[in-house]
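Shown next, in structure tokens, is the structure this report addresses.
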Amino acid sequence: MTTGLRRLRGKKVDANQAEIVTALRKAGCRVLSLAPMGKNVADLLVSYRGQLYLLEVKMPAAAIRDDQVAWLNEWGGTLVRGPIEALRAVGATA
């Protein structure tokens, strides 16, 4: 894994993000990291079959902050903790 994916402009990303991005791309998704934006913005913008999805990536045991939950609720994002959840969130798997 490249250092650039782990840390973008000084912003730490969750260790499982690279695995999630790889799975999404293998399924035909286009993925853009929004992590450098900060301010509780979701970690990933995913395009799949003409639809856009906002995904917040967290490690399986990591807590999500209230301000992150509020952002996801306002913008319609989804919390994912692994590749299978991410693929389901965008409809790339049954």
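Output the relative contact order of the chain, whole-number percent, from Cα pairs under 8 angstrom with separation of 6+ residues.
After rounding, I find 25 percent.
Let me spell out the model: positive unit charges on the Cβ of Lys and Arg, negative unit charges on the Cβ of Asp and Glu, origin at the Cα centre of the chain. What dipole size does that give, in debye rounded to 20? Display every interim value, and only then the final one.
Values: 14 positive and 8 negative charges, 77 e Å.
Using Cβ point charges on Lys, Arg, Asp and Glu, the chain gives about 380 debye.
With Kirkwood radius over Cα pairs in Å in mind, check (1) 14.5; (2) 15.3; (3) 13.2 and report the label derived from this structure.
Entry (3).
When 41, 46 are ordered from fewest to most other Cβ atoms inside 10 Å of their Cβ, what list results?
Working: 41 17, 46 26.
In order of increasing Cβ crowding within 10 Å: 41, 46.
Just so you know, all these numbers are worked out from the coordinates, no wet-lab data involved. No experiment lies behind these values; they were computed from the predicted model shown. Ideal geometry is used to build each Cβ from the backbone, glycine not excepted, and the neighbour counts take in all protein chains shown.
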